[in-house]
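Read the structure below first, then the notes.
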Amino acid sequence: MAVRNTATLAWRTLVQIKHNPMELMDFSIQPVMFLLLFTFVFGGQLAGSPAEYLQFALAGIIVQNLLFATMNTGVGLNTDISKGVFDRLRSLPIARFAPLAGRIVADVLKQAWAILLLLGVGTLLGFRITTGPLPALGAVLLLLGFALAASWISVLVAMLVDEPDKVQIFGFVLIFPITFASSAFVRPETMPGWLQGFVRINPTSVLSDAVRGLLTGGPVAGPVLQSVLWALVLLGVFAPLSVRAFRRRT
């Protein structure tokens, strides 16, 4: 019953997109816009040509978009709670955690759409997967697993603040520094020495390096292992705290 309730509420979240064009922008237009801007504005300066930069930076752009998109989970939950949607759902004979699980499942599916969209548009622009279909599939699964773990951060924030805007503000304050102070867009060797230590352990860096290695070659085992460890840490810390906060809030 809980699985059926979760699937039903996940579908409800997905079909809401047609009533909320802003969400369509978050998962479709905005990722493509960032891809085009980074490739054609910064590519020549950073790598000599947009084509070479695209081959390096697409993995980082996908990771950056994934991290920002995790904030949508918290914003959606906070909006539903603030508008009383959760109160109405709680009056129905459904599993208590189905609304929470349904939102998370739906947003992971949206993440899958955004990842495939960026890979598709990147391919049209000249990006090439040089490793093969299985490593590429591994990259997508790794990204989705990390997105699932990282989304619990925004779930916790959504349970602690009273307005959706505050979830977004927290997300920008946290995600901007960890995405730009990373190897997502440039190689760490070009940064000041005092910054490189942080960049190398930054989860954005290890996930970008792992996806880059799985898509275009290079070190894979170390970055993938570190990414999985980061995902487990995020899941282990923030999921229990979020569930506790969810019980108190609802």
At most 13 other Cβ atoms within 10 Å and a DSSP loop assignment: could you name the trypsin sites (Lys or Arg not before Pro) in region 105-173 that fit? Arg128
Summing -39500 (n - 2.57) over every DSSP H run of at least 4 residues in the chain and dividing by its residue count gives a helix-only mean residue ellipticity at 222 nm, to the nearest 500 deg cm²/dmol, of -26000 deg cm²/dmol
Towards the positive end of the charge dipole of the chain, with charges on Cβ (+1 Lys, Arg; -1 Asp, Glu), say which of Trp230, Thr123, Ala136 has the farthest Cα. Trp230
Under the rule a/c < 1.5 gives rounded, and otherwise a/b versus b/c splits prolate from oblate, where does region 126-205 land using the Cα gyration tensor? oblate
For region 1-249, the percent of accessible surface on carbon and sulfur atoms (probe 1.4 angstrom, ligands and nucleic acids excluded) is 71 percent
Cα gyration tensor category, rounded, prolate or oblate, for region 156-250 with a/c compared to 1.5: prolate
Per residue, accessible area of region 1-249 with a 1.4 Å probe, heavy atoms of protein chains only, in Å², comes to 49 Å²
Given R₀ = 25 Å, what would the calculated FRET efficiency be for Leu134 paired with Phe40, taking r from the Cβ atoms and rounding to 0.05? 0.20
What FRET efficiency would be calculated for the residue pair Arg187, Leu232, taking the C-beta separation as r and a Förster radius of 35 Å, to the nearest 0.05? 0.80
When a/c is below 1.5 the answer is rounded, else prolate if a/b is larger than b/c, else oblate, so apply that to the chain with a ≥ b ≥ c taken from the square roots of the Cα gyration tensor eigenvalues. prolate
Give a quick list of trypsin sites (Lys or Arg not before Pro) in region 6-92 that DSSP marks as loop, anything other than H, G, I, E or B, with at most 13 other Cβ atoms within 10 Å. Lys83
What FRET efficiency would be calculated for the residue pair Ala221, Leu241, taking the C-beta separation as r and a Förster radius of 30 Å, to the nearest 0.05? 0.45
Note: Trp11 to Gln30 extended length (0.36 nm per residue) minus current alpha-carbon separation gives 4.6 nm
Projecting each Cα onto the charge dipole of the chain (Lys/Arg +1, Asp/Glu -1 at the beta carbon, about the Cα centre), which of Ala7, Leu195, Leu92 comes out farthest on the positive side? Leu92
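The values are calculated or read from the model by the stated rules, or taken from the named source; none is laboratory data. Quick caveat, the model's predicted, so the values are computed rather than measured. Positions of Cβ are generated from backbone atoms using ideal geometry, with glycine treated the same way; all protein chains shown enter the neighbour counts. Side chains included, ligands, DNA and RNA excluded: accessible areas come from the protein's heavy atoms. Shrake-Rupley method; radii C 1.70, N 1.55, O 1.52, S 1.80 Å.
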